[in-house]
Amino acid sequence: MKYNFIFIKGLLLVCLQYNSGFAAEAGMPQLNPEFWPAQIFWLVVSFVFLYLCIWKFILPKITKNIEDRKSIIMRDLQDAEKFKEETTKKIQEYNRVIDDAKNDAKKIILEEKNNLEKELNLKKQKFDDEIDKEIKKVENEIKNFQLTSTEKVNEIAREVVNSLMMKIVGTEVNESNLKAVVESSAKKINQKQI
Amino acid sequence: MAANPMHQFTVYRIGPEINLGGVDISFTNAGLFMLINVFLILGFLFSAAKKKSIVPSKIQILSELTYTFVAKMINETAGSKAKPFFPFVFTLFMFVLFCNMVGMLPYAFTVTSHIIVTFVLAIAIFIGVTILGFVKHGMGYLKLFVPSGVPVFLLPIIIVIEIISYLSRPVSLSVRLFANMMAGHTMLKVFGGFVISLGIIGGWLPLTFSVALTGLEILVAFLQAYVFAILTCIYLNDALNLHH
């Protein structure tokens, strides 16, 4: 209670002081003409000084800055556009070169394939011919061998028969008879085999 | 008396009394803050203008933003003919904006809260625009007071109304800025006083108001600078492109 009372008393005191202060200096200092000439003078001085500085030094610089920036950005944009076009052109050229190279490669592969096939065929032909020749040669050899071998076999048979006859009968058999007998029996054997 | 809300507007002499032909032009706190504002503006703009970088720094962006903002404003309201007046409108906007904004700092003096300052600016604009109008259009500038498409019998009244409205331009222009600044700062001071007088228990409410009012006053500071500059552009437009 006591503290509350002191607070209210203090508040009242402050308000009183505030009001008395307000009353003492009532009115608007703006309407006091004492310092009007001084204010006008310093306003004119400072404003004119500011105007001259801004007009002569600052605005040209800011204008130049802004315009320079604008022109640089415009130039950069134009450059970028140009580079873009060049890039597109280069890419097209690159694709064309790649396509050409692919076509060339295909052509070369086809050509080589044909050449190889041709060569292969030629070699095959040659080889076949050689084989045929060899086969024929071997066949001939076999034939010859067959012919000569029967003759030799007949001769051996004749000799064997002759010597057998010599041992069994003790006489020599006529050559021509012997030959005829051996040949006829050889023929029979051959026919049987066939 | 710190509690007097009008005390902040008091102008007092700093240094010796200077007399020029019997006129007291002593350096005052108002003069000091005018110069502080001028050097702040110049410092801000110079630091932004000295560098030439493709990617601008933060301060450069800010200054270029202000530049394009004013350029756009003058171009949209007064057209391309007003281009030679761009430095003036830019200076005016920056000066009023900085005076308003610096005034928002504690213990700072608000130059634009004095009717004499705003009135000198407004009357200079008014006289300049009127001279410009007569130079551009000769006596044809008087057509400004005769709106087209008005019935003849209404003309005497309309012309009088137009002349009065034209002559009241400097008053409305200056009083608008001065009243806004003074009212805002007085209100801030009054609420600040309430915070002190109500103490730690009841002071929170006016303190909240003070915070909100400070935000509002910053907005008003910008808005009034903008309004001052755009009205100048509109007056310039009347003088350059006579529409009536």
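Every read-out reported here was derived from the displayed coordinates using simple, explicitly stated rules and does not represent laboratory data. Only a predicted model underlies this, so the values are computations on that prediction, with no experimental measurement involved. Please note: Cβ atoms are built from the backbone with ideal geometry, for glycine as well, and neighbour counts cover all protein chains shown.
Quick notes on this structure:
- Listed by chain and number, the aspartates and glutamates placed with their C-alpha closer than 20 angstrom to that of residue A:107 are A:99, A:117, A:119; residues fewer than eight positions away on the same chain are left out.
- Excluding the site residues themselves, the longest part of chain B lacking any trypsin sites (Lys or Arg not before Pro) in a DSSP loop with at most 12 other Cβ atoms within 10 Å is B:53-244.
- Other protein chain C-beta atoms within 10 Å of residue C-beta, averaged over A:59-70: 5.
- Within a Gaussian network of chain B (alpha carbon springs, distance under 10 Å), most fluctuating of B:213, B:205, B:154: B:154
- Residues of type lysines that residue B:143 reaches as a straight line, Cα spacing below 22 Å, ignoring anything fewer than 8 places off in the same chain: B:81
- When only Cα pairs below 8 angstrom with a gap of at least 6 residues are kept, chain B shows a relative contact order of 27 percent.
- Listed cross-link partners B:52/B:72; A:64/B:83; A:136/A:179; A:82/B:58; B:72/B:136 are compared with a 26 Å cut-off, the Cα-Cα value being larger for A:136/A:179; A:82/B:58.
- Average silhouette area of the protein assembly as shown, convex hull of alpha-carbon atoms, in square nanometres: 67.2
- Rounded tilt (10° steps) of B:204-240 against the dominant C-alpha axis of chain B: 20
- The spacing between the range B:21-63 and the range B:161-189, judged by their C-alpha centroids, is 25 Å.
- The range B:1-92: chymotrypsin sites (Phe, Trp or Tyr not before Pro) in DSSP coil with no more than 12 other Cβ atoms inside 10 Å: B:12
- When both the range A:30-68 and the range B:202-244 are represented by their alpha-carbon centers, they are found 20 Å apart.
- ³J(HN,Hα) computed for each position of the range A:175-192 - Karplus, 6.51 cos²θ - 1.76 cosθ + 1.60, integer Hz, glycine/proline x: 4, 5, 4, 3, 4, 4, 4, 4, 5, 5, 5, 4, 4, 4, 4, 4, 4, 4
- The range A:148-188 and the range A:90-117: distance between their alpha carbon centers, rounded to Å: 81
- Per residue of B:55-67, other chain Cβ atoms within 10 Å of the residue Cβ number 2 on average.
- For B:204, A:36, the sequence from fewest to most other C-beta atoms within 10 Å is B:204, A:36.
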